[in-house]
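Since the structure comes first, as structure tokens, the remarks are kept for the end.
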Amino acid sequence: MERRPGLEPAVAEIRRAVRVALAGVDGPVVIGLSGGADSLALTAAVAFEAPKIGVSAIAVVVDHGLQPGSDIVAARAVAAAGDLGIPARAVAVEVGTEGGLEAAAREARRAALRDAARAAGARTILLAHTLDDQAETVMIGLARGSGATSLAGMAPIRADDGLVWLRPLLAVRRETTRAACLAEGLPAWHDPHNLDRRFLRVRVREEVLPRLEVELGPGVAEALARTAEQLREDADAFAEMIDEVIEDIVEPAEAGIAVSVAALVANPAALRHRIIRHVVASEFGQSLTRAQTLEVARLATDWHGQGPIDLPRCRASRRGAVIAFTAAG
């Protein structure tokens, strides 16, 4: 274990996690910085580790404008990054309402970070999600009855639209980032929204997980994070299977795409359902619920002449030996 004289264990742990994450990075990186303990500890570790391997970094502070004085908070985060030797800038965004406040803010934030990365010529964006964030995500997925893909939580590495999103701190506890900020004298901001019980994630964080720790014993967050990791391995394996078979079982259809009934029937239910969801997501950019997926699957496995099934932005219908997915009129 790396331990320099006088180096706090929390600081060493975060630097080690960042060092591992940066090992395969080519070119500059963008850090998503809120000014909170997690992202500030991440920024400090990047400031220490990145120069050693010749990687340049900038921090982007997204001002959602959801609280009075948010511009002041953003300016303080920019200054904190500057004190660490990381150039930073604040970006004001407009948060919509689609999907709820949390989802809309997340989408606005991700769009701002994507734009900033492209403007800086960076292919890599670093996010400060911790093990606790992962545990909360899995718990919310369980409460909603989500499938394995959702329960797999956040990936430490994810490629999307020409960019790579890295989460170096997914194995680090939130208390460690707070301890690191305290040890390094970093002025971490405490977001009032993190205590607002109107938000489901806050209720899970402040009420559900602590109660589970009391009733089941310590280690619940770590167990949930391990569950996410295992399910992510399964999801990756299924994705590879789909990539191997998808070209052989689909064909063009008028205003859409068609899938072989025989191929769907021949595959196990888990793979059959994933193929259906994959086709709709790839062709029409929509996610199906489990109920919708099962209804489509019945066109192959329990066909008795039922009519077309209306889905988001498309329709599924049995046409002889195929199920056709066509754009909604």
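Numerical summary
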{"read-out": "Kirkwood-based shape ratio for the range 10-165, expressed as Rg/Rh from alpha carbons", "value": "0.96"}
{"read-out": "Solvent-accessible heavy-atom area per residue, rounded to whole Å², over the chain at 1.4 Å", "value": "51 Å²"}
{"read-out": "Rounded tilt (10° steps) of 70-83 against the dominant C-alpha axis of the chain", "value": "60 degrees"}
{"read-out": "In the range 172-262, GluC sites (Glu not before Pro) in a DSSP loop with at most 16 other beta-carbon atoms within 10 Å", "value": "Glu254"}
{"read-out": "Label point at Arg203 placed 7 Å out along Cα→Cβ; residues across the range 95-110 whose backbone nitrogen lies under 15 Å", "value": "101-102"}
{"read-out": "For the range 206-322, convex hull of alpha carbons as volume per residue, Å³", "value": "145 Å³"}
{"read-out": "Amide H partners (placed H, <5 Å) of Asp63, local residues excluded", "value": "Val91, Ala92, Val93"}
{"read-out": "Degrees, to the nearest 10: 290-301 long Cα axis against longest axis of the chain", "value": "30 degrees"}
{"read-out": "Rounded tilt (10° steps) of 9-22 against the dominant C-alpha axis of the chain", "value": "50 degrees"}
{"read-out": "Calculated log₁₀ intensity ratio I(q)/I(0) where the Debye formula runs over C-alpha points of the range 255-321, q = 0.25, 0.26 Å⁻¹", "value": "-1.25, -1.36"}
{"read-out": "Backbone HN-Hα couplings from phi across the range 258-268 [Karplus 6.51/-1.76/1.60, Hz, Gly and Pro as x]", "value": "10, 10, 5, 5, 4, 5, 5, 5, 6, 8, x"}
{"read-out": "Orientation-averaged projected area, Cα convex hull of the range 76-123 (nm²)", "value": "4.1 nm²"}
{"read-out": "From the C-alpha gyration tensor of the range 20-81, square roots of 5λ in Å", "value": "25, 10, 9"}
{"read-out": "Per-residue ³J(HN,Hα) for the range 231-240, Karplus 6.51 cos²θ - 1.76 cosθ + 1.60, θ = phi - 60°, Hz, x for Gly and Pro", "value": "5, 5, 4, 5, 4, 5, 5, 4, 4, 5"}
{"read-out": "Shape category assigned to the range 91-174 from the gyration tensor of Cα positions, a/c cut at 1.5", "value": "oblate"}
{"read-out": "Relative contact order [Cα under 8 Å, 6+ residues apart], the chain, whole percent", "value": "15 percent"}
{"read-out": "Percent RCO, i.e. relative contact order, over the range 248-329, from Cα pairs under 8 Å lying at least 6 residues apart", "value": "35 percent"}
{"read-out": "P(r), alpha carbons of the range 168-263 - 10 Å bins starting at zero, rounded %", "value": "12, 23, 25, 15, 17, 7, 0"}
{"read-out": "With at most 15 neighbouring Cβ atoms within 10 Å, loop trypsin sites (Lys or Arg not before Pro) (DSSP) excluded, longest segment of the chain", "value": "4-143"}
{"read-out": "Percent accessible area from carbon and sulfur atoms, the range 95-135, protein chains only, probe 1.4 Å", "value": "47 percent"}
{"read-out": "Distance between the range 33-76 and the range 301-322 - C-alpha centres, whole angstrom", "value": "49 Å"}
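The values are calculated or read from the model by the stated rules, or taken from the named source; none is laboratory data. Keep in mind it's a predicted model, so treat the numbers as computed, not measured. As a convention, Cβ positions derive from the backbone with ideal geometry for all residues, glycine included, and neighbour counts pool all protein chains shown. Each accessible area value is taken on the protein alone, full model and side chains, heavy atoms only, with ligands, DNA and RNA left out. Shrake-Rupley method; radii C 1.70, N 1.55, O 1.52, S 1.80 Å.
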